[in-house]
């Protein structure tokens with residue numbers, strides 16, 4: 001009888017241990033790898049223009065915030081419907097005086113200018129749009145891009161008039177009159193701005 005009890009206990013113990021191991025195996029979750037946008041490996045450059053000769057003035061925004069970062073199967077999916085914002089305070093042109101004028105007189109003449117926000121929409125493998133919100137106005141900006149594995153380069157040509165930035169441009173042109181005056185004696189600040197973005201997608 002004693003041996004029978006021992007045999008029963010042994011069987012119950014083996015069943016319990018096996019059951020625990022099976023439960024542990026079921027709890028293991030495999031996570032698939034995917035692409036996502038990494039702010040730290042993203043650069044946002046812009047080129048503005050002054051004088052009637054259209055002399056380029058280069059700068060960048062050094063900070064990017066992603067509002068709905070996600071992991072996707074492809075680079076296109078990672079970009080599509082991505083929401084972001086750019087703090088205006090991160091503007092940088094390698095000239096502190098110019099930076100101050102742009103922040104105070106250009107962006108300072110706009111509404112709700114602490115952030116520039118947007119949402120990317122992909123049309124196909126080389127083009128799309130970005131809904132940019134600036135100066136309290138939302139407008140569609142066409143974009144073109146190239147994706148090579150994890151590297152994405154994006155370009156756009158922005159007309160600030162579409163965001164009703166005429167007053168801001170005039171305010172900037174007043175304080176930069178001499179610097180924006182060419183050999184013809186005309187002071188001009190263009191409404192056209194070229195945008196160049198490069199991002200190295202995260203893959204994990």
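In summary, residue 113 fulfils each of the numbered conditions (1) over 17 Å from residue 47 (Cβ atoms); (2) touching a helix residue (DSSP H, G or I) at 6+ places or on another chain (Cβ under 6 Å); (3) not in a loop (DSSP other than H, G, I, E, B) with the single exception of condition (3).
Among the residues of region 147-169, write down those that are surrounded by fewer than 16 Cβ atoms within 10 Å (Cβ to Cβ), closer than 22 Å to residue 136 by Cα and touching a strand residue (DSSP E or B) at 6+ places or on another chain (Cβ under 8 Å). Selection gives 157, 159, 162, 164. If the condition is being under 23 Å from residue 203 (Cα atoms) and in contact with a helix residue (DSSP H, G or I) (Cβ under 6 Å, 6 or more places away or on another chain), then region 70-104 contributes only 72.
Picking from residues in region 132-143 that are touching a helix residue (DSSP H, G or I) at 6+ places or on another chain (Cβ under 7 Å) and in a strand (DSSP E or B), the one that is nearest to residue 74 (Cα to Cα) is 139.
Would you tally the residues in region 81-97 being under 19 Å from residue 172 (Cβ atoms) and under 9 Å from the mean Cα position of the chain (by Cα)? Total meeting the criteria: 1. Which condition breaks for residue 146 when tested against (1) assigned to a strand (DSSP E or B); (2) without any contact (Cβ under 8 Å) to a residue 40 or more places away in the chain; (3) farther than 20 Å from residue 47 by Cβ? Checking residue 146 against (1) assigned to a strand (DSSP E or B); (2) without any contact (Cβ under 8 Å) to a residue 40 or more places away in the chain; (3) farther than 20 Å from residue 47 by Cβ, the one that fails is (3).
Of the residues making up region 37-69, those that are surrounded by 14 or more Cβ atoms within 10 Å (Cβ to Cβ), in contact (Cβ under 8 Å) with a residue 60 or more places away in the chain and over 21 Å from residue 152 (Cβ atoms) number 6. Of the set (1) assigned to a strand (DSSP E or B); (2) out of contact with any helix residue (DSSP H, G or I) (no Cβ under 6 Å at 6 or more places or on another chain); (3) surrounded by 14 or more Cβ atoms within 10 Å (Cβ to Cβ), all apply to residue 173 but (1). Within region 63-80, restricting attention to residues that are part of a loop (DSSP other than H, G, I, E, B), modelled with pLDDT of 95 or more and within 11 Å of the chain's Cα centre (by Cα), which residue is farthest from residue 119 (Cα to Cα)? Out of the qualifying residues, it is 63. Is it the case, given these coordinates, that residue 179 is surrounded by fewer than 17 Cβ atoms within 10 Å (Cβ to Cβ) and either at pLDDT below 95 or over 28 Å from the mean Cα position of the chain (by Cα) (or both)? Yes, satisfied. The residues listed here are 129, 119; of these, the one that is within 15 Å of the chain's Cα centre (by Cα), part of a strand (DSSP E or B), crowded, with 16+ Cβ neighbours inside 10 Å and free of Cβ contacts under 8 Å to residues at least 24 places away in the same chain is 129. Taking the criterion of being surrounded by 15 or more Cβ atoms within 10 Å (Cβ to Cβ) and not in a loop (DSSP other than H, G, I, E, B), the residues of region 93-102 that qualify are 98, 99, 101, 102.
The values are calculated or read from the model by the stated rules, or taken from the named source; none is laboratory data. These figures come from a predicted structure and were not determined experimentally. Glycine also receives a Cβ, built like all others from the backbone with ideal geometry; neighbour counts cover every protein chain displayed.
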